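Written out below as structure tokens is the structure these notes cover.
The values are calculated or read from the model by the stated rules, or taken from the named source; none is laboratory data. Computed from a predicted structure; not experimentally measured. Positions of Cβ are generated from backbone atoms using ideal geometry, with glycine treated the same way; all protein chains shown enter the neighbour counts. The protein model used for the area step is the full one, side chains on, heavy atoms only, and it has no ligands, DNA or RNA in it. Shrake-Rupley method; radii C 1.70, N 1.55, O 1.52, S 1.80 Å.
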Amino acid sequence: MKLAEAPTLSLEAGASHLTEVLRGYASAEGLPPSLREAWQAHARQAHLEALFLDQKHKEDWKYTPLSFLRRPWKLAPPVQASPPVSLAFSGQAAELVLPSEDLPALRSLPAPTSVWEALLTPAASLQHYALSQEGYFVLAPHGTGELSVHAATLSVAPGTQAEVLVAPSGSGFLLVRLHLDAGEGAQVRFFLPAGGGAHDLFVYVLVTARLAQEAQVETYDLTASVGWKRSEVRVYLSGVQAQAHLHGAAIVGQGSVVDHAIRVEHAVPHTASNQLFKALVYKGGHSAFQGRIFVHPHAQKTNAYQSHKALLWEPGAVAYSRPQLEIFADDVRCTHGVTTGFLEGEMLFYLRARGVPEEQARHLLAQGFLEEVLSRVPQEALRGWARQAMGFAE
Amino acid sequence: MLTIRNLHVSVEGRPILKGLNLEVLAGQVHAIMGPNGAGKSTLAAVLAGREGYEVTEGEVLFEGQNLLDLGPEERSHAGLFLAFQYPVEIPGVSMVQFLRAALNAHRAAKGLEPLDTADLMALLREKAALLKLDPSFLTRSVNEGFSGGERKRAEIFQMAVLDPKLAILDETDSGLDIDALKVVAEAVNALRAPHRAFLIITHYYRILQHIQPDVVHILADGRIVRSGGPELALELEEKGYEPLILPA
């Protein structure tokens with residue numbers, strides 16, 4: 001059934017329907033016994049069966065429009081058989097565990113550059129999971145108009161570096177669930193791009209990460225006008241000197257919803273986290289940000305920073321921002337800054353007074369606003385992709 | 001070059017300029033001095049086309065063209081430049097990006113092709129050296145993290161790049177230490193030319209010791225109440241505004 005022909009349910013009926021679908025999925029029927037247990041644990045962790053209805057978590061969904069749930073989502077058949085994937089990075093070598101029937105979907109990527117090329121041609125060859133020998137993990141699900149679930153657990157060995165790219169494309173509702181265990185001193189970067197005008201793409205990415213001593217995680221969430229995207233990142237800093245640096249830049253156009261739900265837990269002393277999120281919201285766009293910093297009672301010398309800025313491009317743009325700081329230790333430094341507002345007239349005048357025509361001046365200012373995040377993306381190809389997808393290519 | 005006749009300007013319904021007349025010829029440097037609240041910055045704002053200023057009477061001609069009919073960018077293309085009193089920070093936009101956009105818009109208005117990158121960079125480096133600005137500032141975001149003095153020098157740098165016919169310096173000297181003031185003054189003096197005019201708005205005699213004006217005006221309560229040669233600035237410095245702006 002094409003999406004356009006889908007009958008419309010009430011929101012409640014749609015959510016119950018989805019819950020049923022996901023509950024069936026979480027039962028892991030049809031999976032080999034060796035994988036079933038792992039998948040069930042995964043599903044529990046992801047609250048898959050109760051994501052959208054769980055009363056306990058209702059507050060966390062308060063500012064997230066869910067009207068797309070009114071569609072009677074069906075699981076996409078090929079994905080139903082797709083099992084969880086476990087990966088272990090160890091030095092330069094990587095081990096990928098997959099059942100034999102999925103092997104054709106596995107692509108070997110000889111050099112990191114080809115990973116980025118694949119990203120730049122969306123809807124291309126990368127259907128499911130791919131992995132190089134370089135410590136790159138790529139998850140590029142291509143939606144075919146239905147619901148699909150994609151999950152992976154990554155264990156990154158002590159002292160190792162890994163980069164993880166999650167690049168959904170196509171159409172439909174894609175649930176992506178990743179869990180990271182970062183060993184001592186491991187460094188892991190997540191790149192979470194989506195967009196390029198895919199208005200029939202609905203993406204829910206849930207990343208959980210547990211960091212051992214001196215481990216570091218970075219996330220770069222880059223969204224350019226998708227139908228709906230919620231990126232939920234939960235980081236648990238469980239070892240001293242562990243660090244999390246979380247970034248997001250989003251263009252939220254007409255009819256688009258972009259939602260960031262961040263939770264960083266500082267569980268031990270001497271850990272650091274940093275959140276920098278920016279959203280440029282056009283008329284008819286909806287941006288939401290929830291950023292929770294939770295500092296445990298013994299987590300002294302925590303250093304946590306959070307910044308969220310929403311730029312409302314014109315009347316009719318909507319942005320919610322909800323910083324939450326829960327601090328139970330007394331010797332910490334936690335700062336946060338949240339701003340939501342329209343373009344500063346003084347900036348526009350300054351550019352015009354130098355001869356830059358108004359439309360071009362606005363464009364430059366829009367780019368400048370997001371550039372604070374884009375310029376920090378440590379992958380040139382992805383930076384280029386984001387600028388292009390957001391309409392800032394020079 | 002610039003002719004202002006009987007200019008009346010209100011801000012939020014409150015009259016600020018009340019019949020201002022001024023004639024600036026090509027090649028001249030005019031200084032406008034006056035006490036706080038006299039309307040100096042309003043004059044600069046209304047000439048550059050800032051929003052929120054209502055012209056209730058009078059006219060402004062720039063090279064025979066009605067300036068008030070033009071948008072801020074068109075005034076810039078026509079050759080007008082305002083060095084801002086408080087230059088705003090533009091995060092994420094580098095000085096190179098900014099001036100490339102500005103210069104190419106100026107060139108497009110003259111029917112010229114965009115400048116290629118090599119020529120652009122050569123021009124920017126040359127003018128940065130004139131203002132003793134480190135070339136690294138070209139790749140930094142416009143005015144972001146600049147000190148007050150750096151911002152003012154960056155304004156004059158932009159002026160040098162855009163090569164205007166009429167430059168208005170709105171209290172460019174305030175907040176400058178003596179070394180920075182000399183750098184700015186030297187750059188302005190280097191740019192003095194028969195085809196170019198300057199309007200220097202200031203509170204202080206100090207800058208006029210370094211940039212010799214042709215005409216000094218005293219602006220008080222929205223009108224020019226006295227005009228004279230450079231000696232008028234000195235007289236102001238010695239006596240203060242009060243005796244000079246009181247009706248004779």
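Step through the table entries B:LYS40/B:LYS182; A:LYS283/A:LYS309; B:LYS127/B:LYS182; A:LYS278/A:LYS301; B:LYS18/B:LYS239, compare each Cα-Cα distance with 19 Å, and write down the pairs that go over it.
Values: B:LYS40/B:LYS182 23 Å; A:LYS283/A:LYS309 17 Å; B:LYS127/B:LYS182 16 Å; A:LYS278/A:LYS301 27 Å; B:LYS18/B:LYS239 25 Å.
Correct reply: B:LYS40/B:LYS182; A:LYS278/A:LYS301; B:LYS18/B:LYS239.
Run through all the Cα pairs of chain B and give the fraction in each 5 Å bin from 0, expressed as whole percent.
1, 6, 13, 17, 19, 17, 13, 8, 3, 1, 0, 0
What FRET efficiency, computed as 1/(1 + (r/R0)^6) with R0 = 30 Å and r the Cβ-Cβ distance, is obtained for B:HIS210 and B:GLU23, rounded to the nearest 0.05?
Working from the Cβ atoms, E equals 0.75.
Run the reach check for B:LYS110 against lysines, Cα to Cα strictly under 20 Å, same-chain hits fewer than 8 apart removed. What comes back?
B:LYS165
What average number of partner chain Cβ atoms lie no more than 10 Å from the Cβ of the residues making up B:70-79?
Mean partner-chain Cβ count within 10 Å for B:70-79: 4.
Under a point spin-label approximation (7 Å from Cα along Cα-to-Cβ), what is the A:GLU12-B:LEU123 distance to one decimal in nm?
Those two pseudo-labels are separated by 6.7 nm.
Which of the listed residues, A:VAL264, A:GLY227, A:VAL240, is farthest toward the dipole's positive end in the stretch A:215-303, when Lys, Arg count +1 and Asp, Glu count -1 at the beta-carbon?
A:GLY227
Which loop chymotrypsin sites (Phe, Trp or Tyr not before Pro) in the stretch A:319-394, with loop taken from DSSP, have no more than 15 other Cβ atoms within 10 angstrom of their Cβ?
Counting only loop positions with at most 15 other Cβ atoms within 10 Å, the chymotrypsin sites (Phe, Trp or Tyr not before Pro) in the stretch A:319-394 are A:PHE328.
Output the peptides B:172-181, B:99-108 sorted from most to least packed, where packing is the average of other Cβ atoms within 10 Å over each peptide's residues. Show your work: numbers first, answer last.
Working: B:172-181: 17.3, B:99-108: 20.4.
Descending packing order for the listed peptides: B:99-108, B:172-181.
Determine the shielding of peptide A:328-336 by partner chains: average, over its residues, the number of Cβ atoms on other chains within 10 angstrom of each Cβ.
What the average comes to for A:328-336 is 0.
Roughly how large is the B-A contact in terms of buried accessible area, totalled over both chains, probe 1.4 Å, nearest 100 Å²?
2100 Å²
Could you rank the peptides A:59-71, B:22-34 by their average count of other C-beta atoms within 10 Å per residue, with the highest value first?
Most protected by this proxy first, the peptides run B:22-34, A:59-71.
What is the angle, in °, between the Cα long axis of helix B:178-191 and the longest principal axis of the Cα atoms in chain B? Nearest 10 is fine, range 0 to 90.
Result, in degrees: 80.
Averaged across the residues of B:49-59, what count of C-beta atoms belonging to other chains lies within 10 Å of each residue's C-beta?
Rounded to a whole number, the mean comes out at 1.
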